[in-house]
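The values are calculated or read from the model by the stated rules, or taken from the named source; none is laboratory data. Predicted model only: the values in this text are computed from it and were never measured. For neighbour counting, all protein chains shown are included, and Cβ atoms are generated from backbone atoms with ideal geometry for every residue, glycine included. Side chains are part of the model used for accessible areas, which takes the heavy atoms of the whole protein and leaves out ligands, DNA and RNA. Shrake-Rupley method; radii C 1.70, N 1.55, O 1.52, S 1.80 Å.
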There are 2 protein chains.
Amino acid sequence: MRLSTLFLRTLREDPADAELPGHKLLVRAGYVRRAAPGIYSWLPLGLKVLRKVEDIVREEMDAIGGQELSFPALLPREPYEATGRWTEYGDNIFRLKDRKDGDYLLGPTHEEMFTLTVKDMYSSYKELPLTLYQIQTKYRDEARPRAGLLRGREFIMKDSYSFDVDDAGLEAAYQRHRAAYVKIFDRLGFDYVIVYADSGAMGGSASEEFLAVSPVGEDTFVRCEASGYAANVEAVVVPQAQPVDASAVPAAHVEDTPDSPTIDTLVTRSDALHPRADGRGWTAADTLKNVVVMLTHPDGSTEPLAIGLPGDREVDDKRLAAQVAPAEWAPFEEKDFAAYPMLTKGYIGPTMLGLESPSKIRYLLDPSVAEGSAWVTGADEHGKHVYDLVLGRDFTADGTVQAAEIREGDPSPDGAGPLTLARGIEMGHIFQLGRKYAEALDLKVLDENGKLVTVTMGSYGVGVSRAVAAVAEATHDEIGLCWPRELAPADVHVVATGKDRAVFDHAELLVGDLEASGLSVIFDDRPKVSPGVKFKDAELLGVPTIVVVGRGLEQGTVEIKDRRTGNRREVPVGRAVGEVLAEVRGEATSTGADATSASAPA
Amino acid sequence: MRLSTLFLRTLREDPADAELPGHKLLVRAGYVRRAAPGIYSWLPLGLKVLRKVEDIVREEMDAIGGQELSFPALLPREPYEATGRWTEYGDNIFRLKDRKDGDYLLGPTHEEMFTLTVKDMYSSYKELPLTLYQIQTKYRDEARPRAGLLRGREFIMKDSYSFDVDDAGLEAAYQRHRAAYVKIFDRLGFDYVIVYADSGAMGGSASEEFLAVSPVGEDTFVRCEASGYAANVEAVVVPQAQPVDASAVPAAHVEDTPDSPTIDTLVTRSDALHPRADGRGWTAADTLKNVVVMLTHPDGSTEPLAIGLPGDREVDDKRLAAQVAPAEWAPFEEKDFAAYPMLTKGYIGPTMLGLESPSKIRYLLDPSVAEGSAWVTGADEHGKHVYDLVLGRDFTADGTVQAAEIREGDPSPDGAGPLTLARGIEMGHIFQLGRKYAEALDLKVLDENGKLVTVTMGSYGVGVSRAVAAVAEATHDEIGLCWPRELAPADVHVVATGKDRAVFDHAELLVGDLEASGLSVIFDDRPKVSPGVKFKDAELLGVPTIVVVGRGLEQGTVEIKDRRTGNRREVPVGRAVGEVLAEVRGEATSTGADATSASAPA
């Protein structure tokens, strides 16, 4: 590729429509362009990187026996109606009608199509196990298309599906995929973590996500250094607290706590009006906060839900969302309080919750609230709270819910030590779907006894276009993109500087030699562009190895520069190809300026 | 690929949803499956063939300096509004709304996106010429999705666009594409023809189509053996007939011709009631037929159009459609006759047409109607015709129209000899668009004098998924598919027959050796399938070279069979790999049964 003809214009200014630093660089470096919100065009360099991700994914899927096929993106409604997803997806899918008024959607994932195709073609356990995959364009009408390619509305995914006759087969298929994904993400060349994931609205059981560790990630995950435990916050299961002895706790008593509708004001009022006998001050952790939300189910029906949790914790929006899916939740509004007059805003207590009357409000407790523990909490009356209210003695709940925030330093669910929190970008998801789709679409095969059994499935995804963006976010630096070798749009970027004809001729020869050695080259052969602009462009484009042909030529050398470290060294012209080849192949080379110690040309 | 595990089930029966023989075979052989009308899934073997077509197209586009990028399929309305195509496409595009009620379409072709992207990135003549392309999924909501993949509603196309500063540049880009297309279609390995094409609704000037010659094609084309002239029927320009001397023609006279609303009845009545003085019988060619149709313009307005042509010719639906595009035409209905009472159905004559009053009906003549020629035609009165009506003397028209059918044996427009007719499948289209899109979207660059000039464009398409279907139609035989080498899903199909363990072991070794030689292999290793079924499947799948490992093994030979010719020969086991390699590489080999004369292993 020659920059004199490559369809590329680099930008010095950040684009107005980009949020994240990696995304800004992808636009500035001419890899992608926005066509509409969440919808991108891939320019020549971006397409090269995208194809490299595809190739890596394809190779590793083939290596575990995956068979590639390709389903349409434009799909009829019926199969999605059969599994309920036509409705469940709500506004999140694009729906359209054809000229005959037939209903279609743009496929968000293809469980239905894979299931139906296997159903049509296979009928016996002897034909299983089977793994099918596709690398294909998918569509989701995201409410807030965010951060460029990270959460697009048109995007490329590898989705694969395993089909097995029993749970052991599914587990084996899942582990094969897990191993393949480790290879894929190792090859993509950036920092990632495998976390337990919530199975969410997809149904099914075991589920893990591969997250790119990145401060700009949408997902928060926890890690325990001691045990290696790692989970998406949605998937953290806080253990049920052990019962405590409540025999010494006085009887519950309602007290005046004027103007204390928040935890902070309640603590202040309690210290002032109802100090503890032992002199310890009250803390938020002594209070039980009751949060009421309104759920909307996929069929449109609504239902209130109350959550009781220690006053020093907030409800985590995403953890709650994962728990109530496929329903969606929203904060209680004034009209909701009006509909449930037994709830006293700011003073809600457990005694009005979970009852069958006057109106049932389901009441779920955070698992850290122990049987026998005593709390300060709302007394269901304006300006009053109840003290020494004991779980099990004075109030009960309908169950527990994993909805409270997880905090840095919380104990790991496996008991091994404290948790640390970080952010990540979801790059892959592996998932034991089980029999949900096979049951809905009636995918059965004959087992060895001639009996029809429902097939069990796994579903496995890699965000291919997202990977390009995630790698850009994870690997860029201040001055530009900084691609891992396997993803770079070229192996080497050759810059010819100056106005001397001989420089360009030499560079041309070098480029020919590099290409003859099987390397792909970006050659900055632009005649009237200053060296400074050329260097800046090379840094922006982010090819790992940069070769500068210029001033050194008089001494018979060219400069080889490592894009990431910035290390540069002069090497004799005759050895340049060998040195570059060694770098590309990851062989040991001299990194200092001492060219004489460089390895011999390959 | 092993048939014991390949996701493939061949069918013995023709699928109900397939029309054409090649398409039936693609479904029966497990290459594709219908997901919805005009929408197909690509199963593993089909996807391999599709990818091979893509690779050929990509290589040849790269070879002429084309730069690949990839635009979205889901596109915003605005650019298509700017060029008028949002409306012009009518029901032929899929439109949809996003959750914010924004208008989108699924891209049918991408002129707008390419034009806008070049406009944003380029500004000088120095940056041109430029050729960009993509291989991408496209959508058209066809009224009658026909013949499987030949005219799908979701399909894969290579579309490319050239950008030049002047007409000479456009012509050069067009010729580069033409040469690349010749290479592409030569490599696809089937009979094709390059024909002059009608530019149709796309606007623009020079235009040629690459047609796969096929009796099931939708397009009719003509050829002149003598000159090599070839054209789509829509593009045939019948020359204007030379004026003839009308001085001896008697004055026009209206005659009674009861019950003669058709050309046949008119000829019969004329012979009976108004025989010619010279005794020659009347023929349909002596009559002038006037056909009235109703045009509907893209803006919804309508307009009648009358066409006069010799009575022995029909109006060709497609030629007329090409002439009136972007308007659409429909036959005159009773309500239309009611609206134009001066038209006497069955007896329409030129004297009521082309007049400014009482209502203007535009009247166009077939160019074979010569100035000075005399006709029998309608007298605009029920049961009456007019005789000896002379063009120029007794009637005139508003112009000519190329709408009459072209017939086998008609003179070639270049005067070189008679035309022959055949049918073809449109595989590629190259097209000098000119400045239509650049003007609509304001794509201008500075020329060498610093003046803004509008860029001129070419548009070039290859139907990639259609090519798979067209090649299947063009190359299959009675017993199955029959792929050209470059497109076959594998180089060789190895069949192990019988129940003998040694046969399978030998076949396994052979497959290993073939793969180690760089060949791709389909290996029929199914243990309990009869040789007959295996042979049938091999013939159905259509890999060019079939190797049978079986009975011959006792004599130390395997059979190599050519799928197309059916020729078979026994070769010593030790030479099988070399023989197959030679076949795959197209080197001369013995084709008879005399194995001893076979060429040595490579």
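List of remarks:
- Look at segment B:29-48: where a residue is under 18 Å from residue B:2 (Cα atoms) and a partner is part of a strand (DSSP E or B) and open to solvent by 10 Å² or more (accessible area, probe 1.4 Å), sitting 6+ places away or on another chain with Cβ atoms under 7 Å, you get B:43/B:33; B:44/A:67; B:44/A:68; B:47/A:68; B:47/A:70.
- Scanning segment B:60-89 for residues that are within 14 Å of another protein chain (Cβ to nearest Cβ), out of contact with any Pro (no Cβ under 7 Å at 6 or more places or on another chain) and among the polar types (S, T, N, Q) gives a single hit, B:70.
- The set of residues in segment B:5-33 that are open to solvent by 60 Å² or more (accessible area, probe 1.4 Å) and more than 23 Å from the chain's Cα centre (by Cα) comprises B:5, B:9, B:11, B:12, B:13, B:14, B:16.
- Qualifying residue in segment A:142-151 (condition: surrounded by fewer than 21 Cβ atoms within 10 Å (Cβ to Cβ), free of Cβ contacts under 8 Å to residues at least 24 places away in the same chain and assigned to a helix (DSSP H, G or I)): no
- Residues in segment B:359-404 that are among the basic types (Lys, Arg) and under 33 Å from the mean Cα position of the chain (by Cα): B:362 only.
- Flag if residue B:106 is in contact with a helix residue (DSSP H, G or I) (Cβ under 6 Å, 6 or more places away or on another chain), surrounded by 22 or more Cβ atoms within 10 Å (Cβ to Cβ) and either farther than 30 Å from residue B:180 by Cβ or at the interface with chain A (Cβ under 10 Å from one of its Cβ atoms) (or both): no
- The criterion of at least 3 residues that are over 30 Å from residue B:299 (Cα atoms) and open to solvent by 40 Å² or more (accessible area, probe 1.4 Å) is met by none of the strands (runs of 3 or more DSSP E) wholly inside segment B:313-393.
- Every residue from segment A:263-278 that is out of contact with any helix residue (DSSP H, G or I) (no Cβ under 7 Å at 6 or more places or on another chain), in a helix (DSSP H, G or I) and of a type outside the set (Asp, Glu): A:265, A:266, A:268, A:269, A:270, A:272, A:273
- Count of segment A:228-237 residues which are part of a loop (DSSP other than H, G, I, E, B) and touching a Ser or Thr at 6+ places or on another chain (Cβ under 6 Å): 1
- Counting only strands (runs of 3 or more DSSP E) that fall entirely inside segment B:400-462 and contain at least 1 residues that are on the phi > 0 side of the Ramachandran plot, the qualifying elements are B:420-434.
- Residue check: residue A:479 meets all listed conditions (1) closer than 22 Å to residue A:44 by Cα; (2) open to solvent by 50 Å² or more (accessible area, probe 1.4 Å); (3) touching a strand residue (DSSP E or B) at 6+ places or on another chain (Cβ under 8 Å) but one, namely (3).
- Selection within segment B:34-59 - out of contact with any Ser or Thr (no Cβ under 7 Å at 6 or more places or on another chain), surrounded by fewer than 24 Cβ atoms within 10 Å (Cβ to Cβ), at the interface with another protein chain (Cβ under 8 Å from one of its Cβ atoms) and not in a helix (DSSP H, G or I): B:36, B:39
- The residues of segment B:505-533 that are surrounded by fewer than 21 Cβ atoms within 10 Å (Cβ to Cβ) and assigned to a helix (DSSP H, G or I), listed by number, are B:505, B:506, B:508, B:509, B:512, B:513, B:515, B:516, B:531, B:532, B:533.
- Considering the conditions (1) over 24 Å from the mean Cα position of the chain (by Cα); (2) surrounded by fewer than 20 Cβ atoms within 10 Å (Cβ to Cβ); (3) more than 10 Å from every other protein chain (Cβ to nearest Cβ), residue B:100 is excluded by exactly one of them, (3).
- Candidate set from segment B:60-97 (those that are among the hydrophobic types (A, V, I, L, M, F, W, C) and modelled with pLDDT under 95); member that is most open to solvent (accessible area, probe 1.4 Å): B:82
- Residue in segment B:192-211 that is closer than 14 Å to residue B:467 by Cα, at pLDDT below 95 and open to solvent by 20 Å² or more (accessible area, probe 1.4 Å) present: yes
- Qualifying residue in segment A:152-164 (condition: facing chain B (nearest Cβ under 10 Å), assigned to a helix (DSSP H, G or I) and open to solvent by 20 Å² or more (accessible area, probe 1.4 Å)): no
- Within segment A:14-33, the residues that satisfy the criterion of being part of a loop (DSSP other than H, G, I, E, B) and either at pLDDT below 95 or more than 11 Å from chain B (Cβ to nearest Cβ) (or both) are A:14, A:15, A:16, A:17, A:18, A:19, A:20, A:29.
- Residue list for segment A:566-575, filter: at pLDDT 95 or above and β-branched (Val, Ile, Thr): A:571
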